[in-house]
Every structure is written in structure tokens, then in C-alpha cells.
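Structure first, commentary second.
The values are calculated or read from the model by the stated rules, or taken from the named source; none is laboratory data. Remember, it's a predicted structure, so these values are computed and weren't measured experimentally. Cβ atoms come from the backbone with ideal geometry, glycine included; neighbour counts cover every protein chain shown. Areas reflect the complete protein model, heavy atoms only, side chains present, ligands, DNA and RNA absent. Shrake-Rupley method; radii C 1.70, N 1.55, O 1.52, S 1.80 Å.
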Amino acid sequence: GGVGGHGAARWCGFLLDDPTVKADLAREAIEACYVTILDLIRDLVVSCSQSNRLGLSGVGSGGGGAGVIAGALITQPVAVADNDADLAIGEVLASGDHVLHQRLYTYLMAHDKERLIRIQSPHLEPFLMNGSDGGLDQYTRWDLLWRHYHSYQRYHEAGMLMERVATTTDDYLPLPNRITYLTRALASTEINATSRADDFGSAKLTELQALLATANVQLRIHQALIERRNGHQAMGINVDGPNGANEAGGEHGGQGQGQGQLAVDDPCLRVPTEEALEKLYGAELLSYSQLYNDYARSHGLWSLCLTIIAHCSLEDYEEISQLWRSILLREVPAPASATASQFFQMKAGEWQTLGPSNQSDAARAARFEDGNWIPGVAAALVATGTEVIGGSTRGDRTAGAALANFTGAFPYKMICSDLEQLTSALNLAWEAEARGGGGGGGG
């Protein structure tokens, strides 16, 4: 030492007496501890990973079993390396240091998610529910939390979490993701309802089944309208005009349309605005009423209208009849013979459709008297029947149950009667042509 050394010692003493210096040194010491602990855990986790890749995961496991370590409960069979890692993690979990917990969970979230979701700690749930560390988006965190709940048979919390995520209106969430979360919510709630066997579980199960069925219909409506939009764009039609206005760059739409215009009065050709399609796809889950009035009915998706009616067990015969006739008569060309035309005029009061009865492209290319439109009618019947009655085969879990006691959306007697009358009109047209008076009209 000497004088210089003694002076330096005194100076260091003054520094240590300074509260700021003490706080800085304490922070540095704590940080050094964090680094040391996490480096040890990292080495053990890496060792586990290497052992698994080498096929050594069963070595020294002694038959496996659940290991209870400090504050952690590990529920899977573990090998020696796993035991060492779990022991070290258990020491961390026994600590009340919130920051250390956060650092540990952040590391495991990036490198060992399976071990993370098996940890039992009061600090883990808020970290996954509301945390922002670790570089993962919140939806990935909620996915891990859902798996964590299932690890500890907390099925009620798992179902409620997934339902809350699926129905959020705070974020733009694509429909397929919402359907995935609803499916998970339903799976968790089914397990919970089976284990608890109470009225709440059964009621929630029914509610989620209906919500999932509605979401699936919403997705199919969006897919149908996107396909229509893409088809219009492929034909050079501008679908982004005023009010989604279907201004045409080429001729389409048939009867009564001027050159370069789309039949915007025909709901079967309309396309929603980009904003409306975005809302349909991701803004929120819509009700059946919204889907029916704002999208399916106003855009001529008649078969999906019937699906919604079936799911809701509505018995509006007039609406159902008009929907079916809008589907069938769209495939029937206007007759050329006067006799058949008179027959159609006579039936006009009965055969009410929704919106203008513009024919499909196939019907416009056909001739009523040739009967070459019949396959189109048959195809429309099969497709619509499959859509309306086949809901249970597409994952709409309430559709089959609803249709089991409800056939109103498929009025087979009315359909058969209309088909018989179309056959009669065709026979009249053939008889007129056979007499030589079919082509000129007015005979």
C-alpha cells in the first residue's frame, strides 16, 4: 500500500457508501447471477436436445415418472439430462424474483416450448396472457397458454380462452384462424362438459357449436364472393367502381345490358366492395341475420341462404319457395314457341323469384325446345341439396342436428311439382314444333 494505497482504499470506501454506487453494483451482481443461472439452464437444455437427437432420451430414466421439483411439476417421463434441467428450473421457480421468472420463460419460449407449457408456476399464466417478451406474437402466446391449461386439465379455462380469442373485435383476425380457435374452444368445452356433467358445460357446448357453424357459413360466403370477384376481374370487369359497382370493361350479364355493362341489377352477379369483403373475412364474426341480409341474399347466394334458413330452423315457406325457384329458373332459357311462352306467362304469378330472373350463361346458350338445359337444372338441384342438407359432412356440427327435425328448407313436393310443370311446358313446345307451328310465335 503506502500512502497511495491507503488513499485509494479510502476513496473506494466513500464510493461504496454512495447509495447510487451501491445500487449499480447490486444490479450488476444480480445481472451476473441471472446470466450464470440462465447459461447453466441453457447448457442443460441443449444437452437434453443433443441426447434426444442421439437417441439417448431413455438412458438412465429408470422407467420415467412424474418429477416434482421445487415449484415445478413436470408431467412427462424424463431422462437424466431432463432431470438436471428440471432441477435447475425448479430452483428458479422456487424464487420470488419476478424478473428471473420472466428471463427464464423468455428463454424457454424461444428454445423449449414443450418444457415451458409443463411448468406450474403462478408467474407463467400472466406472462403468457399479457407478456410481450420473447419475440412471439400474442396469438402464439395464447396458443401456448391453451396447451398449458390442457397439461393440467384446466379445460374450462382453456375453452374460455379460445372463445375469447376467436370472438375478439379488437384485432383483425382472419376467419380460418377464428374457426381454428373456435374448434379448440369446442374441444376443450366438450372435455369439460363430460368431466363436470353440469348444465353450464352443456349450455356452453351448444353455444359454441352454433357459433362454429355460423363461422363456417361466413367463410363459405366469403369464398363464393371472392371467386365471383376473381371471375369478373379475369373478364376485364372493374369491380372497384362506386359502391363496388361492377363497371364493365367487357360485355357480360346478358339481357337488357348495354355494351360494356354488367348486369348489376342481377344479384347473382354483384360483388361487395373491398371494405365489405375485408369485414366479412376478418373484422368480426357476424350473426346469421347479418350474413343473410348483407351478403347472401343481396348477392344472390341462394343456396347459402337456404343453408342459413336450415341452420336457424326458420319456416318461411314464401321465402324458401322463391329461393328455390330463383335457383331452378336461372337455368331455364326463355321458350321460343308461342305455346310454351304462354304457359310461362301463365305461371309467372306463381313462379316468383328473388330479383330479376336473368338466365345463367349456360341457359342463355341453350334453347328451351331442345331440352339441352335439363342437365343444368339437375346440377343446380344436386349442388343446392348437397349444400342445404349436407352441412353436417362439412364440419358444421349443428347442421345435421337442425336438419334432422327440419325439412322445410328442402320443399321436395314443391320442387317436384315445378319440375313436372317444366316437363309439361317442354312437351307443349315439342308438340307445337311437331305441328310445324313452334318457331314463329303467336300461332
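Things to note:
- Looking only at the range 305-339, residues that are among the aliphatic types (A, V, I, L, M), under 30 Å from the mean Cα position of the chain (by Cα) and open to solvent by 10 Å² or more (accessible area, probe 1.4 Å) come to 2 in all.
- Residue match in the range 80-91 (condition: small (G, A, S), at pLDDT 50 or above, within 26 Å of N130 (Cβ to Cβ) and open to solvent by 20 Å² or more (accessible area, probe 1.4 Å)): no
- Some residue of the range 176-188 being more than 24 Å from L301 (Cβ to Cβ) and loosely packed, with under 15 Cβ neighbours inside 10 Å: no
- Flag for T189 being assigned to a helix (DSSP H, G or I) and touching a Gly at 6+ places or on another chain (Cβ under 6 Å): yes
- Going through (1) open to solvent by 70 Å² or more (accessible area, probe 1.4 Å); (2) farther than 28 Å from E114 by Cβ one by one, H232 falls short only on (1).
- Scope the range 395-434; condition at pLDDT below 50 and out of contact with any helix residue (DSSP H, G or I) (no Cβ under 7 Å at 6 or more places or on another chain); matching residues: A401, A404, N405
- Residue check, R118 under 25 Å from T183 (Cβ atoms) and either aromatic (F, W, Y) or open to solvent by less than 40 Å² (accessible area, probe 1.4 Å) (or both): yes
One line per residue, one yes/no per condition, for (1) in contact with a helix residue (DSSP H, G or I) (Cβ under 7 Å, 6 or more places away or on another chain); (2) under 18 Å from L225 (Cβ atoms); (3) at pLDDT below 90; (4) β-branched (V, I, T):
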{"position": "V264", "(1), (2), (3), (4)": "no, yes, yes, yes"}
{"position": "V271", "(1), (2), (3), (4)": "yes, yes, yes, yes"}
{"position": "A276", "(1), (2), (3), (4)": "no, yes, yes, no"}
{"position": "L280", "(1), (2), (3), (4)": "yes, yes, no, no"}
{"position": "L291", "(1), (2), (3), (4)": "yes, yes, no, no"}
{"position": "I309", "(1), (2), (3), (4)": "yes, no, no, yes"}
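- So A210, is it at pLDDT 90 or above and either open to solvent by 30 Å² or more (accessible area, probe 1.4 Å) or acidic (D, E) (or both): yes
- Taking the listed residues W351, W373, the one that is out of contact with any Pro (no Cβ under 9 Å at 6 or more places or on another chain), open to solvent by less than 40 Å² (accessible area, probe 1.4 Å) and among the aromatic types (F, W, Y) is W351, with no other qualifying.
- Residues that are among the β-branched types (V, I, T) and open to solvent by less than 10 Å² (accessible area, probe 1.4 Å) within the range 122-174 comprise just one, V165.
- Sub-6 Å Cβ pairs linking a first residue in the range 282-299 that is over 25 Å from R164 (Cα atoms) to a second residue that is part of a loop (DSSP other than H, G, I, E, B), at least 6 apart or interchain, are H299/R270, ordered by first then second residue.
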